[in-house]
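Notes to accompany the following structure.
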Amino acid sequence: MSARGVLYVHSAPAALCPHVEWAVAGVVGVPVKLDWVAQPAAPGNHRAELNWQGRPGTAGAVASALNAWQRLRFEVTEDASPGCDGVRYSYTPTLGVFTAVTSAAGEVLVPEGRLRAAMETAAVDGGDLATELDRLTGRAWDEELEPFRYAGDGAPVRWLHAVG
């Protein structure tokens, strides 16, 4: 069985760029050479994209490997495959990691149990349901990453096929 996805490194200091490549190579089992370009939203940083194909769960393994460096901003997506939901991992230095199940269109899907818990929390604590829903959909991550996503329009894209 095979899965596909994309790694978006939105910003990485130059010194970390080779470490990102080594970490991803360690997950996918083949050498990785990314086409790094300057990140206008963070002068002195670089960005890169990598389309990948590998085993289901590869996105989570890549996110775990990159999570060790707190100076990166990245997202890793994995499209749905037979028996597996789509998923997106988003990471920023200030917020940490956010994980969400995604639709075929890339939208965040919130499971019923989490929606019910959000409604209950808002009702019991007198909180705002909209705030709870923003938390469940990763709004803070989207707001922080959006300038970095936009700055990457037109960046080169590369395909990688993992072994195994």
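Derivation of every value follows stated rules applied to the coordinates shown; laboratory data play no part. Everything numeric in this text was worked out from a predicted model, so none of it was measured. With ideal geometry, Cβ positions are generated from the backbone for all residues, glycine too; neighbour counts draw on all protein chains shown.
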Work out the length of the dipole vector of segment 113-153 about its Cα centre, built from +1 on the beta-carbon of each Lys and Arg and -1 on the beta-carbon of each Asp and Glu, and round it to the nearest 20 debye. 200
On the principal axes of its Cα set, how long, how wide and how thick is segment 8-106? Give whole Å, largest value first. 41, 29, 22
For V124 and N51 in the same chain, what is the full-extension length gain: residue separation times 0.36 nm, less their Cα-Cα distance, in nm? 21.9 nm
Under the Karplus relation 6.51 cos²θ - 1.76 cosθ + 1.60, θ = phi - 60°, what is the ordered set of whole-Hz ³J(HN,Hα) values for segment 54-68, x standing for Gly and Pro? x, 6, x, x, 4, 4, x, 5, 5, 4, 5, 5, 8, 4, 5
Specify the residue with the greatest mean-square fluctuation among T121, T58, T92, computed from a Gaussian network of the chain linking alpha-carbon atoms under 10 Å apart. T121
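Excluding V6 itself, calculate the net charge of residues whose Cβ lies under 10 Å from the Cβ of V6, where each Lys or Arg counts +1 and each Asp or Glu counts -1.
Working: positive: R4, R88; negative: E49, E75, E78, D79.
Spelling it out: positives minus negatives among the neighbours equals -2.
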Among A25, T77, P40, pick out the residue whose Cα is farthest towards the positive end of the charge dipole of segment 1-143, where Lys and Arg carry +1 and Asp and Glu carry -1 on C-beta, about the Cα centre. A25
So if I place +1 on the C-beta of Lys and Arg and -1 on the C-beta of Asp and Glu, and nothing else carries charge, what would the dipole magnitude of the chain be about its Cα centre? I want it in debye, nearest 20. 640
Normalising by the residue count of segment 1-59, find the relative contact order in percent from Cα pairs under 8 Å and 6+ residues apart. 53
May I ask you to evaluate 6.51 cos²θ - 1.76 cosθ + 1.60, the Karplus curve with θ = phi - 60°, for each residue of segment 13-23 and list the ³J(HN,Hα) values in order in whole Hz, giving x for glycine and proline? x, 3, 5, 8, 4, x, 5, 4, 4, 5, 5
Please state the relative contact order of the chain as a whole percent: Cα pairs under 8 Å, 6+ residues apart? 28
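Indicate the gyration tensor shape class of segment 48-98 (rounded, prolate or oblate), computed on the Cα atoms with a ≥ b ≥ c the square roots of the eigenvalues: a/c under 1.5 is rounded; otherwise a/b larger than b/c is prolate and the rest oblate. The partial results should precede the final answer.
Values: a/c = 2.35, a/b = 1.91, b/c = 1.23.
It comes out prolate by the Cα gyration axes.
Lys and Arg at +1, Asp and Glu at -1: add these up for the other residues within a Cβ distance under 15 Å of A122 and post the number.
Numbers: positive: R114, R116, R135; negative: E120, D125, D128, E132, D134.
That sum, taken over residues with Cβ under 15 Å, equals -2.
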